[in-house]
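The values are calculated or read from the model by the stated rules, or taken from the named source; none is laboratory data. Please read all numbers here as calculations on a predicted model, not as lab measurements. Just the protein is used for accessible areas: all its heavy atoms, side chains included, with ligands, DNA and RNA removed. Shrake-Rupley method; radii C 1.70, N 1.55, O 1.52, S 1.80 Å.
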Amino acid sequence: MPYIVTEPCVGVKDKSCMTVCPVDCIYEADDQVFINPDECIDCGLCEPECPVNAIFVDTDVPPNWKNYIELNAKEGKRLAEGG
């Protein structure tokens, strides 16, 4: 159950989540951060650090933000590969 960064992060990019991630699986893009689900160890440290409540376990993502599950997978992997 990887964690997902959703819409409230867009334009905010506080990055507090990045500083607590023990495996560095959170990557910065132009307008938000993304979690690479292949690297996420499901520790949950990132979720309470987000000041805009944008991070959810993939099974708890609100219905209106479900598209962020696929977006995190795609962008997280791309950014992890240096893209």
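Along region 57-69, what does the Karplus equation 6.51 cos²θ - 1.76 cosθ + 1.60 (θ = phi - 60°) give for ³J(HN,Hα), rounded to whole Hz, x for Gly and Pro?
Per-residue couplings from phi come out as 5, 3, 7, 10, 5, x, x, 6, 10, 4, 5, 6, 5 Hz.
For region 35-45, what does the Karplus curve 6.51 cos²θ - 1.76 cosθ + 1.60, with θ = phi - 60°, yield as ³J(HN,Hα) per residue in whole Hz, taken in order and with x for Gly and Pro?
9, 7, x, 6, 9, 5, 9, 6, 6, x, 5
Give the accessible surface of the chain per residue, rounded to a whole number of Å², with probe radius 1.4 Å and ligands, DNA and RNA excluded.
With the other protein chains kept in place, the chain gives 54 Å² per residue.
At 1.4 Å probe size, with the rest of the protein present, what percent of the exposed accessible area of the chain is carbon and sulfur atoms? Let's see the in-between values first.
Details: 2230 of 4520 Å².
Carbon with sulfur: 49 percent of the solvent-accessible area.
Hey, got the Cα dimensions of the chain along the principal axes, in Å, largest first?
30, 25, 23
Show the residues, 5+ positions off or on another chain, whose built amide H is closer than 5 Å to the amide H of Ala29.
Phe34
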